[in-house]
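Data block below; observations after.
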C-alpha cells in the first residue's frame, strides 16, 4: 500500500500532499453563533463524504452545500429542529461552477441545474391545473379550460412560492405572458 504521511498542520489545501485536504475543526460548543473558532487545520485524506460549514472547509475544486444528507449533531431537537450551528453540509465536486439558485430552488449536482426544493407541493386536479400541498385532498371538475396550458414545466413550476411558503405556481414572466392571452 501507499504510506500515509503523519498528520501535519496546514492553513490551506496547498499545504497538504496530493490526495489530501486541509481540514479545519469547527467547535460549536466552544463558540457562539456565527463564530468559527478555527486554528490551524490538519491534512486529511480526501474521502467521501466530507462534512463542512462553508466552502473554505472543502478541498480545492469542491463546494459546501446543504443537501438531503446534511449532518446534524448536538443541540436540542432533531432534524429540522436542530440548532443551525450544529448542522453541516457536504463537500461536492464543483463541476457545476458557481451556480446560484433562486429562492425555492436548489442545485442538483447531477445535472447542474436548479430544481424546485421538494417541499410537499404537488400538481393536482384533473387537468394538472392545481398546485397544492401533498397532504391536502383536492378535487377539480374534469373540464378543460384553455388557460390550463400555461401550467406546464416549460413556463412555471409548482412549489413554495405563495405567502409563508404555501404551495403556488411560481409567478414567472413566461406564466404571466401566457395567462395574458386568456384574460
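Against the conditions (1) part of a loop (DSSP other than H, G, I, E, B); (2) exposed (fewer than 11 other Cβ atoms within 10 Å of the Cβ); (3) at pLDDT below 80, where does residue 183 fall short? Just the number, please.
Looking at each condition in turn, residue 183 falls short on (3).
Being surrounded by 15 or more Cβ atoms within 10 Å (Cβ to Cβ), at pLDDT below 95 and not in a helix (DSSP H, G or I) is the requirement here; does residue 131 meet it?
yes
Surrounded by fewer than 17 Cβ atoms within 10 Å (Cβ to Cβ) and more than 21 Å from residue 105 (Cα to Cα): which single residue out of 153, 163, 171, 141 fits that description?
141
Specify which of the listed residues (150, 131) is closer than 21 Å to residue 183 by Cβ and in contact with a helix residue (DSSP H, G or I) (Cβ under 8 Å, 6 or more places away or on another chain).
Of 150, 131, the one residue that is closer than 21 Å to residue 183 by Cβ and in contact with a helix residue (DSSP H, G or I) (Cβ under 8 Å, 6 or more places away or on another chain) is 150.
Can you tell me which of (1) at pLDDT 70 or above; (2) surrounded by fewer than 16 Cβ atoms within 10 Å (Cβ to Cβ); (3) more than 17 Å from the chain's Cα centre (by Cα) is the one residue 83 doesn't meet?
Of (1) at pLDDT 70 or above; (2) surrounded by fewer than 16 Cβ atoms within 10 Å (Cβ to Cβ); (3) more than 17 Å from the chain's Cα centre (by Cα), only one is false for residue 83: (1).
Taking segment 135-152 on its own, how many of its residues are out of contact with any strand residue (DSSP E or B) (no Cβ under 9 Å at 6 or more places or on another chain) and assigned to a loop (DSSP other than H, G, I, E, B)?
8
Give the residue, chosen from 64, 43, that is in contact with a strand residue (DSSP E or B) (Cβ under 7 Å, 6 or more places away or on another chain), farther than 16 Å from residue 89 by Cα and either modelled with pLDDT of 70 or more or not assigned by TED's automatic domain parsing to the domain that holds residue 88 (or both).
43
The values are calculated or read from the model by the stated rules, or taken from the named source; none is laboratory data. It should be emphasised that the depicted structure is a prediction, and the values quoted were computed from it without experimental measurement. As a convention, Cβ positions derive from the backbone with ideal geometry for all residues, glycine included, and neighbour counts pool all protein chains shown.
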